[in-house]
Amino acid sequence: MHCLLCDEYISELVSWYSFFIQSEMRCICERCERKLSYIIGESCEGCGRSFTSLSEEYREGDFCKDCVRWKEEMKFLPIKNRSVYVYNDWMKEVLARFKFRGDAELVQVFHANFVAVFHKYFSDCHAVIPIPLSKEREYERGFNQAELLASCLPLNILQTSISRKNTEKQSKKKRIERLSVANPFYFQKEETFAGQHLLLIDDVYTTGITVRQVAACLYNAGAQTVSSLTLCRG
């Protein structure tokens with residue numbers, strides 16, 4: 001087996017156990033594994049941002065200043081987000097390969113840890129909803145990375161008519177620009193989610209505007225609570 005990130009051969013120790021019982025196949029070498037920065041320890045109660053390397057001036061009690069600003073702006077209902085990895089330079093390169101260079105197989109690298117965080121925080125959810133891409137963006141990439149991540153989870157993917165208008169990539173916009181644009185998400189037909197606890201899936205949480213825009217649509221359609229599980233927290 002070769003590492004999906006660096007293509008280095010992964011050697012496995014041979015034992016009687018491994019000879020008779022097939023162990024879980026590793027898809028990433030130890031060197032690449034060590035480059036991944038996991039979100040552990042104290043984190044923001046709202047967005048799941050790690051407090052480990054965050055200056056005290058950007059923290060207010062159990063929340064980061066970003067979440068405090070969301071509360072003050074009162075534009076959206078609160079949403080709980082949890083993420084697996086810190087969105088550092090290494091993860092930016094890995095996700096660039098995953099999203100923009102069509103390397104969909106990389107989802108195997110994240111699978112086990114993504115499922116583990118799901119079980120820790122969101123096992124009581126009724127269904128998951130991947131954040132949709134616009135038709136144009138999905139055609140460019142050949143797949144929706146949020147759908148691949150959602151397929152890792154032991155929960156039904158809710159089929160909805162929620163869609164996304166084609167807009168400029170969010171990664172190119174500053175926070176104030178993201179907040180000022182109209183909600184690009186909409187339902188193609190009338191739907192109701194009365195009393196349901198829904199979990200949104202996406203690859204990166206930065207400002208939180210994307211998950212909040214989708215959550216606003218779901219709350220308007222009767223959802224009881226909407227949370228989000230994202231691969232990385234920027």
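The values are calculated or read from the model by the stated rules, or taken from the named source; none is laboratory data. Everything numeric here is computed off the predicted structure, so don't read it as measured data. Cβ atoms come from the backbone with ideal geometry, glycine included; neighbour counts cover every protein chain shown.
A few notes on this one:
- Restricting attention to the stretch 33-58, the residues that are within 17 Å of residue 90 (Cβ to Cβ) and surrounded by fewer than 12 Cβ atoms within 10 Å (Cβ to Cβ) total 3.
Residue-by-condition table, conditions (1) over 27 Å from residue 162 (Cα atoms); (2) not in a loop (DSSP other than H, G, I, E, B):
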site	(1), (2)
47	no, no
72	yes, yes
76	no, no
82	no, yes
91	yes, yes
98	no, yes
117	no, yes
133	no, no
137	no, yes
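- Candidate set: the stretch 126-157, residues that are over 14 Å from residue 228 (Cα atoms) and under 15 Å from the mean Cα position of the chain (by Cα); chosen: the one surrounded by the fewest Cβ atoms within 10 Å (Cβ to Cβ): 151
- Which listed residue, of 51, 100, is touching a strand residue (DSSP E or B) at 6+ places or on another chain (Cβ under 8 Å), more than 15 Å from residue 205 (Cα to Cα) and either hydrophobic (A, V, I, L, M, F, W, C) or not assigned by TED's automatic domain parsing to the domain that holds residue 215 (or both): 51
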